[in-house]
Every structure is written in C-alpha cells, then in structure tokens.
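Have a look at the structure below, then the notes.
The values are calculated or read from the model by the stated rules, or taken from the named source; none is laboratory data. Just so we're clear, the structure is a prediction, and the values are computed from it rather than from any experiment. Here the Cβ positions follow ideal geometry from the backbone for every residue, glycine too, while neighbour counts run over all protein chains shown.
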Amino acid sequence: MKPFRVISLNANGLRSAASKGFLEWLADQDADVCCLQEIRVAEKQIHAGLQPPPGWHARWLCAERPGYAGVAIWSRTEPKRLRAGLGDAEFDAEGRLLTADYPGLRVVSLYLPSGSSSPERQLAKFRFMGLFETWLARERRGRIPVLVCGDWNIAHTEKDLKNWRSNRDHSGFLPEERSWLGRVFDSGWSDVFRQLHPDAEGEGYTWWSNRGQARAKNVGWRIDYQVASASLADLALASRVHREDRFSDHAPLITDYDLQIPGYD
C-alpha cells in the first residue's frame with residue numbers, strides 16, 4: 001500500500017513559487033494532499049497557471065487585502081466539507097485557516113500571523129493564538145483524526161533555529177510563544193517531524209532569511225509543522241524537508257502516513 005503523502009509549503013506568493021517550478025515539482029511527488037500558505041492571490045487572479053496538477057481539486061481562502069496572506073488545500077479527492085476561517089472577522093478576512101474534511105480525516109491549512117513587523121502585529125498574533133488554542137481544544141475532542149499543516153511562525157525549542165541565543169527577544173522565539181506551543185503539544189497534539197526526528201536540528205529548518213546567505217549557510221528556523229491528533233500521529237512513517245529546490249523562502253515539508261482514505265488510490 002502506498003503511504004498517504006501530505007506536503008505543506010508557505011509559498012511566499014503562489015505566482016512566484018509557480019514561476020520557480022513548484023507546480024511541475026508537485027506533479028512528480030505522488031502526494032495526496034498539499035496545504036499552501038501565504039498564497040497572496042485574489043480569487044479573480046486564480047488561473048490555469050496557478051492550479052494544481054490535473055485531476056486534483058483546489059480549495060482556496062484568499063485574503064480580502066490584495067497580495068496578502070491566504071491559504072489553500074489541494075487534494076486528489078474532493079473534500080466532503082469545507083470550512084473557512086476561525087469564526088473571527090479580523091483574522092478570517094486575512095485568510096488564515098481553511099479546513100477540509102475527507103472520509104476519516106480532517107486537514108487544515110494554517111498561516112499563523114507573524115508579529116515581526118510591529119508591536120501591533122505581535123499583539124494581533126497573540127490574539128490569534130488565544131482563539132486558535134480554543135479551536136484546537138475543540139477539535140481535539142472530536143472523533144475524526146485532524147492534521148494541521150502550515151506556517152506556525154514559532155520555533156518551539158533551541159533545536160529549531162540556528163541563532164537561538166540572539167533571537168530570544170524576537171517574535172517567533174519569544175518565551176510566551178514557545179510556552180503557548182508547548183501547551184498545544186502537551187494537550188495531545190503531536191509535532192510529527194519532531195516525533196520522528198527527536199534530535200534533528202539543521203536538517204529540520206524550513207525557513208531562511210533572504211539576508212546574508214542564510215539559506216546557503218543553513219542559518220534557518222523550523223517554523224513550519226504538520227501537527228496531528230494522537231491517533232494520526234501514531235501513523236506517521238517518515239517526514240523530511242525538501243531543500244533541493246528553492247520555490248520560496250520556506251521549504252516544503254513532506255510527511256508520509258500509514259493511512260487509507262476512501263477515494264485515494
């Protein structure tokens with residue numbers, strides 16, 4: 001039986017990622033689901049050149065603000081149900097969360113806000129985290145396995161970024177953020193990559209600054225996760241970061257699960 005393969009990528013602009021060969025690469029990955037974040041396109045801008053491989057189904061949640069945020073879920077079978085957003089007007093207008101239900105599986109594409117641009121955006125990030133923690137608690141009580149894929153914009157531990165000492169006071173590695181993520185993982189959610197690679201450091205980085213040859217020197221951060229409810233996490237077989245191609249300032253996170261979903265080969 002073929003593993004059920006899930007890919008997650010912050011595209012940093014889907015048009016840009018497509019121009020760098022992302023769509024052609026995806027077509028060769030034998031994936032079942034692809035979760036995208038920071039697509040930065042409006043619905044009226046979505047055309048054939050921004051669609052998934054033939055035979056796939058694309059679902060989008062675009063931000064109201066042009067050229068900003070937005071998420072998508074692409075899959076090889078049609079979702080049974082789709083839910084857009086958290087139910088909060090502020091963040092739903094930014095296109096931060098999209099949920100797709102399949103038989104026996106719920107998949108979420110998440111783009112958690114960054115707080116690095118200003119103190120105001122950091123406060124917005126904290127507001128989102130509070131809302132999302134409540135959302136996660138509710139989802140965890142459900143019976144269907146849940147997989148939350150995306151850019152969480154938080155490095156959890158010192159293993160998850162190169163220069164952790166100099167970033168302790170920076171958004172993405174603040175004590176409050178790390179503590180919050182720790183509560184998420186302690187509440188029954190699993191960081192699948194870390195579960196499979198408990199000692200990994202540099203090979204797990206998923207984002208690099210565009211400054212100072214950070215990617216070439218692997219001065220990165222691990223801020224993109226596939227976070228699974230307990231029953232699904234136990235089915236994870238392998239997880240890796242694809243760094244050989246450069247589609248974005250983030251890299252695709254690829255995870256295989258020992259999972260059969262009706263409608264998939």
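Numbers for the structure displayed
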{"item": "Enumeration of residues in region 216-259 that are touching a residue at least 12 places away in the same chain (Cβ under 8 Å), within 21 Å of Glu139 (Cα to Cα) and outside any strand (DSSP E or B)", "result": "Ala230, Ser231, Leu232, Ala233, Leu235, Leu259"}
{"item": "Hits in region 185-210 - residues which are within 20 Å of Asn10 (Cα to Cα) and without any contact (Cβ under 8 Å) to a residue 40 or more places away in the chain", "result": "Asp191, Arg194, Glu203, Asn210"}
{"item": "Subset of region 211-227 [out of contact with any Lys or Arg (no Cβ under 9 Å at 6 or more places or on another chain) and over 17 Å from Leu9 (Cα atoms)]", "result": "Arg211, Gly212, Gln213, Ala216"}
{"item": "Test: Pro79 is of a type outside the set (Ser, Thr, Tyr) and over 15 Å from the mean Cα position of the chain (by Cα)", "result": "yes"}
{"item": "Some residue of region 15-29 being more than 20 Å from Arg81 (Cα to Cα), among the polar types (S, T, N, Q) and without any contact (Cβ under 8 Å) to a residue 40 or more places away in the chain", "result": "yes"}
{"item": "Options Leu86, Leu97, Leu82, Leu14; residue that is over 21 Å from Ala251 (Cβ atoms), among the aliphatic types (A, V, I, L, M) and surrounded by 21 or more Cβ atoms within 10 Å (Cβ to Cβ)", "result": "Leu97"}
{"item": "Residue tally, condition touching a strand residue (DSSP E or B) at 6+ places or on another chain (Cβ under 8 Å) and assigned to a loop (DSSP other than H, G, I, E, B), over region 42-52", "result": "3"}
{"item": "Unique match (being more than 22 Å from Ser16 (Cβ to Cβ) and modelled with pLDDT under 95) among Gly115, Gly67", "result": "Gly115"}
